[in-house]
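Written out below as structure tokens is the structure these notes cover.
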Amino acid sequence: MKLLVTGGSGFIGSNFIKHWFSAHPDDSIINLDKMTYAANPRNLTEFEGKSNYQFVKGDILDEKIVDELVSQVDAIVHFAAESHVDRSIDDPSLFVRTNVLGTYNLLMAAKKYNKRFHHISTDEVFGSIEMGSDDQFNESTPYDPSSPYSASKASSDHLVRSFYKTFGLPVTISNCSNNYGPYQHPEKMIPRSITNLLTDQKIKVYGQGLNFRDWLHVEDHCRAIELILLNGKIGQTYCIGGLKKGTSNMELVKLMLKLMGKDESCLEYVADRPAHDNYAVNWDKINRELGWEPKYTFETGLQQTIDWYTTNTSWWQETKAEAEEFYKKLNSLKK
Ligand code: NAD
Ligand code: TYD
């Protein structure tokens, strides 16, 4: 197969390219990435110069580049997005352009050449699970996004589904929970907190730390995408989540403090995020139909992630400084 991976230099995209090449070494990949602040050119240096890997620096909004690349491949695996909720609260405009119009542009090219299209989406499109309830999102949960980020992803999901229903485009969609693991930008909760502890800063806990997430190791996610691409049913959506449901941020940081030999004096409670959601995902469908299940427990995955950030300090030092500048600006706007 020849794949067009969009956003392949970001967190999940680069993990996916590594995974795909280790499982399918003879396949080819074109990585189309705009190289925003979230991308890291170091993620994929191991493939530079290989005849079956091509990197194209470009924007998914660029019709000409997208048309040319889509015409050359068998399938599109669409990761490219603005992905950080806090940034979408600061400035939603780029989220609408990249996540909605960029996806539309890719869909138009996929329609022109009738190409297989897999869209990576999020559980955040479903809104929020009530505190204290055991509910979980599944493929039939109604959409109810809370942030400009999740609203833009919801719009893109609707567009993808409409191209299947209206034009018969061979699409699949996956809605996954919060990913974590190596190569994640230090603006996100787990790498931000690990790198704070590694640099003698406190973990910033939003509100009282009661909000919960469903943590999915990025390698488990990449295996799920692979199965959907190879065996998923056209027109279908698959929800993907981790083994442990409903880990509160307080449970997460306490486990992190334990694994890193620190205590609760390393926690700082800060102002909560507006419209702060809770998520948990039921992944029975992909388990039943495609035989997928997560391999990582949260504890083994978190330990592996802590080890990776501890060993790869040069990977995150620069981007961490930029991320903390962003948070400083966001906090000054709140005051
Ligand atoms: P990321 O922010 O780490 O990477 C996004 C990548 O897309 C970057 O390399 C960036 O340069 C690229 N990009 C952004 N705008 C672009 C444009 N206009 N044209 C071309 N490239 C562009 O994001 P991630 O965490 O790897 O997320 C990947 C996908 O998975 C996103 O669609 C996101 O919505 C979805 N997702 C992420 C999570 C998570 O926990 N990280 C959870 C659920 C779904
Ligand atoms: P985040 O990694 O931003 O992912 P998302 O909002 O897309 O789920 O945040 C995960 C959770 O951690 C969320 O409940 C907000 C919280 N959080 C903190 O408590 N402190 C932080 O420094 C960050 C970045 C997030």
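What follows is calculated from the coordinates using simple rules that are stated; it is not laboratory data. Please read all numbers here as calculations on a predicted model, not as lab measurements. Cβ sites come from the backbone with ideal geometry, for glycine too, and all protein chains shown count toward neighbours.
Structure values in brief
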{"quantity": "Reachable lysines, given that their alpha-carbon falls under 16 Å from the alpha-carbon of LYS328 and they are not under 8 places away in the same chain", "calculated": "LYS188, LYS202, LYS204, LYS320"}
{"quantity": "Using a Förster distance of 30 Å, the FRET efficiency for LEU210-MET108 (Cβ separation, nearest 0.05)", "calculated": "0.10"}
{"quantity": "Spherically averaged projected area in nm², based on the convex hull that wraps the Cα atoms of region 17-101", "calculated": "6.3 nm²"}
{"quantity": "As computed over region 76-226, the Cα convex hull volume per residue (Å³)", "calculated": "125 Å³"}
{"quantity": "Computed Kirkwood radius, in angstrom, where 1/r is averaged over Cα pairs of region 172-242", "calculated": "14.0 Å"}
{"quantity": "Loop-resident sites, region 1-45, for chymotrypsin sites (Phe, Trp or Tyr not before Pro), counting at most 15 other Cβ within 10 Å (DSSP)", "calculated": "TYR37"}
{"quantity": "Hz values of 3J(HN,Hα) by residue in region 219-234 - Karplus curve (6.51, -1.76, 1.60), Gly and Pro given as x", "calculated": "5, 4, 4, 4, 5, 5, 5, 4, 5, 5, 4, 7, 10, x, 7, 4"}
{"quantity": "Mean Cβ neighbour count within 10 Å, used as a protection proxy, ranking 131-142, 225-236 highest first", "calculated": "225-236, 131-142"}
{"quantity": "Alpha-carbon gyration tensor eigenvalues x 5, square-rooted, for the chain, Å", "calculated": "31, 22, 20"}
{"quantity": "Length-normalised contact order for region 180-313 - Cα pairs under 8 Å, 6+ apart - percent", "calculated": "38 percent"}
{"quantity": "Coordinate range along principal axes, alpha carbons of region 251-335, Å, largest first", "calculated": "49, 34, 27"}
{"quantity": "Of the trypsin sites (Lys or Arg not before Pro) in region 276-305, those whose Cβ has at most 16 other Cβ within 10 Å and which sit in DSSP loop", "calculated": "LYS295"}
{"quantity": "Estimated inter-spin distance, ARG288 and LYS334, nm [label 7 Å along Cα→Cβ]", "calculated": "4.2 nm"}
{"quantity": "Charge dipole (region 53-144, unit charges on Cβ, about Cα centre) - positive-most of TYR143, LEU101, ILE76", "calculated": "ILE76"}
{"quantity": "Backbone N under 18 Å from the LYS254 label point (7 Å along Cα→Cβ), restricted to region 181-222", "calculated": "203-215"}
{"quantity": "Cross-link reach list, lysines versus LYS50, counting only Cα pairs under 21 Å and skipping chain neighbours closer than eight places", "calculated": "LYS2, LYS18, LYS34"}
{"quantity": "Cα-projected label distance for MET1 with ASP91, points at 7 Å along beta-carbon direction, nm", "calculated": "3.6 nm"}
